[in-house]
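See below for the structure under consideration.
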Amino acid sequence: MKNALDQTQQPVSWSDVVRTTGRLIFFRVSQAELVNLGWRHLAFGLFCTWLVGMGRYWDNPRVGLIQHLGVGSVVYVLVLALFLWLIVWPLRPKHWSYFRVLSFVSLVSPPAILYAIPVEYFFSVYTANSLNLLFLAAVATWRVALLVFFLRRLGKMDRLSVIIATLLPLTLIVVALTVLNLEKAVFSIMGGIEEPTASDASYGFLVLLSYLSVLIFIPLAICYLVIAITRLVEYLQRPKRDEHEF
């Protein structure tokens, strides 16, 4: 019998899409709403991503035309959603699909409008760097919390799996950037930091983040492999009638 959550719904209005986005951003959306995210939700999410992307880089002379036009942000969510979908899929969350992950990633873009505030025009470079770092931390924390909420609400994952599915992609990205020696440049662009030096709080935070990521990456990877193999064995042993749940 087909799960009621997967039944085809009537087309939603744009006002419903906006309300769903608001409920998602403030952790109030239901599982049924997440399961039934449609093309209008994705279109609205990509529009928000494009708009926020232009606002994020409008006063940054260090980025190219693609970034100023917001195209880079749209490409970024497409790649990030694919990355998250592939990483989390072996943990077997319920209702897991690239379309739903992409819709989620795009719909949580509005908080990044904080990056559009031109603090450099009102404060010194040092103060502006501190404020941009604060904005980056606030938006990143908000989005990570939303990812945890998404995994729990849509995927019905247990707490340990949620922790692994949340931290492993983040540490993998930081470790990869550290190995490639790109972490400082990426951090500066994302946070709008103007030429951080070794004495900057932002630089110290970056060093700490890189160190912690390298330190916990291997234990996270081991736990991830154990859970993924366990989920695969459970999946192979399930009766055929349960396959639709995955």
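The values are calculated or read from the model by the stated rules, or taken from the named source; none is laboratory data. Just so you know, these numbers come straight off a predicted model, no measurement behind them. When we count neighbours, we look across all protein chains shown, and the Cβ atoms used for this are built from the backbone with ideal geometry, even at glycine. To get the accessible areas, we keep the full protein, side chains included, count just its heavy atoms, and leave off ligands, DNA and RNA. Shrake-Rupley method; radii C 1.70, N 1.55, O 1.52, S 1.80 Å.
Okay, here's what the table says:
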read-out: Residues of segment 117-130 satisfying the condition of being over 20 Å from M54 (Cβ atoms), surrounded by fewer than 18 Cβ atoms within 10 Å (Cβ to Cβ) and within 24 Å of the chain's Cα centre (by Cα); value: S130
read-out: Failed item, numbered, when G191 is tested on (1) closer than 21 Å to S130 by Cα; (2) modelled with pLDDT of 75 or more; (3) under 17 Å from the mean Cα position of the chain (by Cα); value: (2)
read-out: Which listed residue, of R143, R152, is assigned to a helix (DSSP H, G or I), without any contact (Cβ under 8 Å) to a residue 24 or more places away in the chain and open to solvent by 10 Å² or more (accessible area, probe 1.4 Å); value: R152
read-out: Close pairs (7 angstrom Cβ cut-off, 6 or more residues apart or separate chains): over 18 Å from L34 (Cα atoms) in segment 102-125, open to solvent by less than 50 Å² (accessible area, probe 1.4 Å) and modelled with pLDDT of 95 or more anywhere; value: P111/I25
read-out: Near pairs, Cβ below 6 angstrom, 6+ apart or cross-chain, from segment 13-39 (under 18 Å from H95 (Cα atoms) and modelled with pLDDT of 95 or more) to any residue that is surrounded by 14 or more Cβ atoms within 10 Å (Cβ to Cβ) and among the hydroxyl-bearing types (S, T, Y); value: E33/T20; L37/S103
read-out: Per-region count, segment 47-80, residues open to solvent by less than 50 Å² (accessible area, probe 1.4 Å), at pLDDT 70 or above and either aliphatic (A, V, I, L, M) or in contact with a strand residue (DSSP E or B) (Cβ under 9 Å, 6 or more places away or on another chain) (or both); value: 4
read-out: Top-ranked residue in segment 92-113 [being modelled with pLDDT of 95 or more and hydrophobic (A, V, I, L, M, F, W, C); ranked as surrounded by the fewest Cβ atoms within 10 Å (Cβ to Cβ)]; value: F99
read-out: Single condition N129 does not satisfy, out of (1) more than 30 Å from W89 (Cα to Cα); (2) modelled with pLDDT of 90 or more; value: (2)
read-out: Among the candidates S97, S109, residue that is within 24 Å of Y235 (Cα to Cα) and of a type in the set (S, T, N, Q); value: S97
read-out: Which numbered condition Y126 fails, given (1) touching a Leu at 6+ places or on another chain (Cβ under 8 Å); (2) in a helix (DSSP H, G or I); (3) of a type in the set (F, W, Y); value: (1)
read-out: The one condition in (1) out of contact with any Leu (no Cβ under 7 Å at 6 or more places or on another chain); (2) more than 21 Å from I173 (Cα to Cα) that F104 fails to fulfil; value: (2)
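Rundown of residues vs (1) of a type in the set (F, W, Y); (2) within 24 Å of V52 (Cα to Cα); (3) in contact with a Ser or Thr (Cβ under 9 Å, 6 or more places away or on another chain), yes/no style:
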| residue | (1), (2), (3) |
| --- | --- |
| V105 | no, yes, yes |
| V108 | no, yes, yes |
| L133 | no, yes, yes |
| A138 | no, yes, no |
| F149 | yes, yes, no |
| S161 | no, no, no |
| A165 | no, no, no |
